[in-house]
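The values are calculated or read from the model by the stated rules, or taken from the named source; none is laboratory data. Worth saying up front: this structure is predicted, and the values here are computed from it rather than measured. As a convention, Cβ positions derive from the backbone with ideal geometry for all residues, glycine included, and neighbour counts pool all protein chains shown.
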């Protein structure tokens with residue numbers, strides 16, 4: 001899928017995150033998709049109340065009919081400032097994103113959740129879409145969120161080694177209308193050599209409140225999850 005990053009603590013917490021794991025909690029996804037998680041969610045901690053998170057299945061994303069308007073035109077209509085000379089580049093980027101989704105389908109078909117953060121007042125100009133699967137540890141629910149980060153300076157020069165793995169997010173409370181999440185804060189997980197090792201560490205810290213950070217509260221505003229481009233109309 002698209003290698004950006006998400007949902008539980010947003011980019012301010014996640015980009016450059018030091019708490020990622022080298023492996024997911026399971027070697028392969030084994031927990032069935034929970035469709036009650038699909039829909040449009042807002043975060044109580046988000047200072048821009050027009051921002052939202054769209055939770056889809058991968059099928060939702062792949063089956064969405066193309067829009068008659070170009071992505072840049074849709075973005076401009078939403079009120080986002082875009083210079084005319086940026087239009088072609090933005091449209092190309094959006095098409096590249098769509099192509100990457102199709103190319104990665106067979107490779108990443110085991111990732112049932114697609115999480116899209118619509119920032120910048122709910123319009124998502126940066127195409128922040130991420131993969132996630134669910135795991136269960138002693139009856140407690142976790143999301144394994146695919147994480148990929150290349151540290152760059154303001155001019156696009158690399159500042160260090162790229163990071164790739166999974167952010168482990170505990171679902172502390174889940175209902176049809178609200179979710180409370182917390183990030184696993186174990187900085188040693190990036191050095192794990194297997195999913196079994198990751199699971200053992202998380203199991204050991206499972207009931208320790210200091211093992212988690214960045215608690216977030218989400219509330220559902222709409223069950224809509226079918227179309228990416230139409231989501232803003234259903235969110236605000």
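Residues that are surrounded by fewer than 15 Cβ atoms within 10 Å (Cβ to Cβ) and assigned to a loop (DSSP other than H, G, I, E, B) within segment 179-221 comprise 187, 188, 193, 194, 207, 208, listed in sequence order.
Which one is modelled with the highest pLDDT, of the residues in segment 24-33 that are surrounded by fewer than 22 Cβ atoms within 10 Å (Cβ to Cβ) and touching a strand residue (DSSP E or B) at 6+ places or on another chain (Cβ under 7 Å)?
To start, the set of residues in segment 24-33 that are surrounded by fewer than 22 Cβ atoms within 10 Å (Cβ to Cβ) comprises 26-33.
Remaining after also requiring touching a strand residue (DSSP E or B) at 6+ places or on another chain (Cβ under 7 Å): 26, 29, 31, 33.
Working: 26: 95, 29: 88, 31: 92, 33: 87.
Among those that are surrounded by fewer than 22 Cβ atoms within 10 Å (Cβ to Cβ) and touching a strand residue (DSSP E or B) at 6+ places or on another chain (Cβ under 7 Å), it is 26.
Collect the residues in segment 111-136 that are over 16 Å from residue 234 (Cα atoms), in contact with a strand residue (DSSP E or B) (Cβ under 7 Å, 6 or more places away or on another chain) and modelled with pLDDT under 80, keeping them in residue-number order. The answer is 111, 128, 129. Only a single criterion out of (1) at pLDDT 90 or above; (2) under 15 Å from the mean Cα position of the chain (by Cα); (3) part of a loop (DSSP other than H, G, I, E, B) is not satisfied by residue 143, namely (3). Within segment 159-175, the set of residues being closer than 21 Å to residue 22 by Cβ and part of a strand (DSSP E or B) comprises 163, 164, 165, 166, 167, 168, 169, 170.
Being modelled with pLDDT under 95 and under 20 Å from residue 26 (Cβ atoms): is that true of residue 190 here?
On the way: modelled with pLDDT under 95: yes; under 20 Å from residue 26 (Cβ atoms): yes.
Criteria met by residue 190.
Name every residue in segment 156-169 that is within 26 Å of residue 34 (Cα to Cα) and in contact with a helix residue (DSSP H, G or I) (Cβ under 9 Å, 6 or more places away or on another chain), in order of residue number. Quick ask: steps written out before the conclusion?
Taking segment 156-169 and keeping what is within 26 Å of residue 34 (Cα to Cα), we get 164-169.
Matches in segment 156-169: 165, 166, 167, 168.
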